[in-house]
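One structure follows; several queries about it will come next.
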Amino acid sequence: MRAFGGAVLMALLLVLYLVVVVTRAVAFLQTGQPVGVAIGVALLVLPVIGAYLLVRELLFGLQATRLTRRLRAEGALPGDDLPRRASGRVERAAADAAFDRYAEAAEAGPDDWRAWLRLGLAYDMAGDRRRARAAVRRAIALSR
């Protein structure tokens with residue numbers, strides 16, 4: 001739940017930033033000078049890209065959370081049996097050791113969203129965020 005609160009806070013800060021940028025863009029456009037208009041147009045494009053990326057990331061988070069809850073309800077979350085640190089994070093060595101099991105399951109069931117989500121969570125526990133996101137994206141696509 002803390003991660004969701006952090007995401008909402010970051011989204012609100014980005015919205016505030018986008019409002020300021022759009023305000024500055026309008027001021028540049030109103031100058032009528034070619035350089036000012038060019039800067040104003042550029043400043044209008046950046047908020048559109050930022051808003052698109054924000055929405056995309058929020059949807060990814062919501063979809064990943066929905067699938068993780070489904071997997072938790074089935075009692076099939078990876079790492080529940082792994083040793084944890086005092087902070088609650090899985091010990092990295094244990095996550096690395098258990099990783100092969102989830103990778104093999106994903107290879108054996110390439111159309112199984114559960115296997116791909118477990119692989120993504122295993123990547124996350126092992127600290128490989130880029131591959132974790134890719135595996136979770138595949139799980140989301142397969143779940144549709």
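The values are calculated or read from the model by the stated rules, or taken from the named source; none is laboratory data. Since this is a predicted model, take the numbers as computed values, not measurements. As a convention, Cβ positions derive from the backbone with ideal geometry for all residues, glycine included, and neighbour counts pool all protein chains shown.
Among (1) within 20 Å of the chain's Cα centre (by Cα); (2) not in a loop (DSSP other than H, G, I, E, B), where does ALA105 come up short?
Every listed condition holds for ALA105 apart from (1).
Looking at region 49-58, can you tell me whether even one residue there is within 30 Å of LEU121 (Cα to Cα), in a helix (DSSP H, G or I) and in contact (Cβ under 8 Å) with a residue 60 or more places away in the chain?
Scanning region 49-58, I find no residue that is within 30 Å of LEU121 (Cα to Cα), in a helix (DSSP H, G or I) and in contact (Cβ under 8 Å) with a residue 60 or more places away in the chain, so the answer is no.
Give me the pairs, please: first residue somewhere in region 82-111 and more than 25 Å from ARG138 (Cα to Cα), second residue anywhere and part of a helix (DSSP H, G or I), beta-carbon distance under 8 Å, and either six or more positions apart or on two chains.
Every condition considered, the pairs that remain are PRO83/ALA94.
Does at least one position in region 16-35 carry a residue that is under 25 Å from TRP113 (Cβ atoms), part of a helix (DSSP H, G or I) and at pLDDT below 90? Show your work before the answer.
From region 16-35, those under 25 Å from TRP113 (Cβ atoms) are none; that's our starting set.
No, every residue in region 16-35 fails to be under 25 Å from TRP113 (Cβ atoms), part of a helix (DSSP H, G or I) and at pLDDT below 90.
So which of LEU121, LEU46 is assigned to a helix (DSSP H, G or I) and closer than 30 Å to LEU16 by Cα?
LEU46
Now a separate question. Hey, could you check region 92-127 for residues that are surrounded by fewer than 17 Cβ atoms within 10 Å (Cβ to Cβ) and of a type in the set (Asp, Glu) and say which is modelled with the lowest pLDDT?
Taking the candidates together, the pick is ASP96.
Identify, by number, the condition in (1) in contact (Cβ under 8 Å) with a residue 24 or more places away in the chain; (2) surrounded by 15 or more Cβ atoms within 10 Å (Cβ to Cβ); (3) farther than 25 Å from ARG137 by Cα that TYR17 doesn't meet.
In the conditions (1) in contact (Cβ under 8 Å) with a residue 24 or more places away in the chain; (2) surrounded by 15 or more Cβ atoms within 10 Å (Cβ to Cβ); (3) farther than 25 Å from ARG137 by Cα, TYR17 misses (2) alone.
Then there is this: From the list ALA86, ALA108, ALA132, ALA126, which one is touching a helix residue (DSSP H, G or I) at 6+ places or on another chain (Cβ under 6 Å) and more than 19 Å from LEU62 (Cα to Cα)? Give the steps one after another, and end with the answer.
Working: ALA86 fails: touching a helix residue (DSSP H, G or I) at 6+ places or on another chain (Cβ under 6 Å); ALA108 fails: touching a helix residue (DSSP H, G or I) at 6+ places or on another chain (Cβ under 6 Å); ALA132 fails: more than 19 Å from LEU62 (Cα to Cα).
Sole residue among the options that is touching a helix residue (DSSP H, G or I) at 6+ places or on another chain (Cβ under 6 Å) and more than 19 Å from LEU62 (Cα to Cα): ALA126.
From (1) closer than 30 Å to VAL136 by Cβ; (2) surrounded by fewer than 16 Cβ atoms within 10 Å (Cβ to Cβ), pick out the condition that doesn't hold for VAL26.
(1)
Report the residue count in region 52-83 for those that are surrounded by 14 or more Cβ atoms within 10 Å (Cβ to Cβ) and over 15 Å from the mean Cα position of the chain (by Cα).
6
Determine which member of the set LEU54, LEU44 is out of contact with any Gly (no Cβ under 9 Å at 6 or more places or on another chain) and within 21 Å of VAL136 (Cα to Cα).
Answer to the selection: LEU54.
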